[in-house]
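Asks: Dropping a structure here in structure tokens format, bear with me for questions.
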Amino acid sequence: MNSKELNIGKNSKGVARLWIEGAFIENAGFKAGERAHIEMVGNSMVITASATGKKKISGKPGRPILDMTGKTVTQLGQAGDRVQITITQPGTLLINKL
């Protein structure tokens, strides 16, 4: 399993934001222009690649970006909280507050 740690940040309006980009999520199987499904399972967030997902992966080929704000993120934690993001299998990320 491959993982990394990030801090939950804030956008320009002070709303909690989690931004994941580049090789890490590309190695997890997420591509720019594709879609993902986000759900809370207990205290964890699970993100899965899904053609019918509500969240679009932005960015460019080779540099996908998963940008989440608001309630999606505050269910996990607040700005400044540290999270661990783990690739559990191809097309699936598990995010836990540390």
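FYI, it's all coordinate maths here, none of it is from the lab. Note that the coordinates shown come from a computational prediction; the quantities given were computed from them, not determined experimentally. Every residue, glycine as well, gets a Cβ built from its backbone with ideal geometry; the counts of neighbours run over all protein chains shown.
Asks: Of [x] 7.1; [y] 6.1; [z] 5.7, which one was derived for mean projected area of the Cα convex hull in nm² from the structure shown?
Replies: For mean projected area of the Cα convex hull in nm², the calculated option is [z].
Asks: Tell me which aspartates and glutamates have Cα within less than 14 Å of LYS55's Cα, excluding those fewer than 8 residues away on the same chain?
Replies: Correct list for LYS55: GLU34, GLU39, ASP67.
Asks: Taking only C-alpha pairs under 8 Å that are 6+ residues apart, what is the relative contact order of the chain in percent?
Replies: Numbers: 229 pairs, mean separation 37.3, N = 98.
For the chain, the relative contact order is 38 percent.
Asks: Now for a different question. Taking 0.36 nm per residue of separation and subtracting the Cα-Cα distance, what length does fully extending THR52 through MET40 add? Before the final figure, lay out the partial values.
Replies: Working: separation 12, 0.36 × 12 = 4.32 nm, distance 1.72 nm.
Result: 2.6 nm gained on full extension.
Asks: Right, next: Amide H to amide H under 5 Å from GLY53: which residues, 5+ apart in sequence or cross-chain, H placed 1.01 Å off N in plane?
Replies: Answer set, sorted by chain and number: ALA36.
Asks: Using the Karplus curve 6.51 cos²θ - 1.76 cosθ + 1.60 with θ = phi - 60°, what ³J(HN,Hα) values do you get for each residue of the stretch 62-74, in whole Hz, with x for Gly and Pro?
Replies: Result, ordered by residue: x, 9, x, 10, 10, 10, 10, 9, x, 4, 3, 7, 5 Hz.
Asks: For a quick check: sort VAL83, VAL41, VAL15, VAL73 by the number of other beta carbons within 10 angstrom, fewest at the front. Before the final figure, lay out the partial values.
Replies: Working: VAL83 20, VAL41 8, VAL15 14, VAL73 25.
With the sparsest Cβ surroundings first, the list reads VAL41, VAL15, VAL83, VAL73.
Asks: Another question, then. Under the rule of at least 5 residues apart or a separate chain, name every residue whose amide H is placed under 5 Å from the amide H of ASP81.
Replies: The list, which skips near neighbours in sequence, is ILE8.
Asks: List, in order, the whole-Hz ³J(HN,Hα) value for each residue of the stretch 48-58 obtained from phi through the Karplus relation with A = 6.51, B = -1.76, C = 1.60 and θ = phi - 60°; use x for Gly and Pro.
Replies: 10, 5, 7, 4, 9, x, 7, 9, 8, 7, 8
Asks: Also, quick follow-up: List the trypsin sites (Lys or Arg not before Pro) in the stretch 5-98 that DSSP assigns to loop (not H, G, I, E or B) and whose Cβ has at most 16 other Cβ atoms within 10 Å. Which are they? Walk me through the numbers before you get to the answer.
Replies: On the way: sites: LYS10, LYS13, ARG17, LYS31, ARG35, LYS54, LYS55, LYS56, LYS71, ARG82, LYS97; in loops: LYS13, LYS31, LYS54.
Those that pass, being in a loop and sparsely packed, are LYS13, LYS31, LYS54.
Asks: Right, something else. Rounded to the nearest 500, what is the 222 nm mean residue ellipticity of the chain from helices alone, with -39500 (n - 2.57) per DSSP H run of 4+ residues and division by all residues?
Replies: Values: 2 runs with 9 residues, N = 98.
Roughly -1500 deg cm²/dmol at 222 nm, from the helical runs in the chain.
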